[in-house]
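Enquirer: Here it is: the structure, laid out below.
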Amino acid sequence: MHRTACPVSMTLALMCPGVVAAAEGPQAAPEPPAVPAPQSTPAPQPTPAPSAAPESGAEVSAVAEPTRDIFDVIRGWRHKPEPAPPRPEDYKKLMIAGAPLISYNPASGAGLGAAGNVAFYRGHPDHTRISSLVGSLIGTTKEQLLFNVKIDASSLKNTWGLHSDNRLYWTNQDTYGLGTGTTPGDAVNARYDFFRFHETLYRQVHRHLYVGAGFLFDLHLRLSKDARHKLAFWTFANLDTGGVAPYFDLPATGMQEAF
């Protein structure tokens, strides 16, 4: 019986602190670290295409819908065409409006009348204020006729300004005696005419500085005979340079009679 010897190689290593020695020949040199490959530049993202306009049958947001007033509704009932869009020169046109008046208060009773307003520009709106004229006429159940006209106008570039307050009243009013002893039964109805003409004209001297003059006229006419001898007029004035101003009050007729 024959035995075949197989070569066996053994490796003997001596372990020392920090040193490792191998019986087989020298160790191979370490491989150099791999260099990272350069990163590729990202491709640009495509720009999103603009959203397509909604089709004619698509639903439109409520914010985009134009507002409608009562005149638009009436125009639709009458099958009238829509008004033309505004033009740059439209500011030169007069703006006119009117409406009926219905009122009530204890001094005048129920009233019925009409009022109107006219607005216009004397120059371009960029440098000229709007001007307006407002008027009203009303009659009441207590035999009063009241007419008012007010004007607030500005010239080109606001160089001149006019403020006007005019009133024509054919009216009446309950009056009472002086003091605290009067009662509602002591009222006397005074019938009179009241006319007012207040006109003030201004001239611009600086950007926001105006100087001017005015005419202020108030007139009462045709006081009734029953009220003439019961109306009272008074005036008072004082000049204080120090201390406390004196207390002023109307005479208390009712309290004086009590004493």
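Enquirer: Once R0 is set to 41 Å, what does the formula 1/(1 + (r/R0)^6) return for the Cβ-Cβ distance between W77 and K150, expressed as a FRET efficiency to the nearest 0.05?
Expert: 0.70
Enquirer: While we're here: For the range 127-193, state which chymotrypsin sites (Phe, Trp or Tyr not before Pro) are in a DSSP loop and have at most 15 other beta carbons lying within 10 Å of their beta carbon.
Expert: Y176
Enquirer: Residues in the range 95-119 near a label at A187, defined as backbone nitrogen under 15 Å from the 7 Å Cα→Cβ point?
Expert: 105-110
Bear in mind that the values in this text are calculations on the coordinates, not laboratory data. Just so it is clear, the model here is predicted, and its values are computed rather than measured. Using ideal geometry, Cβ is built from the backbone for each residue, glycine included, and neighbour counts are taken over all protein chains shown.
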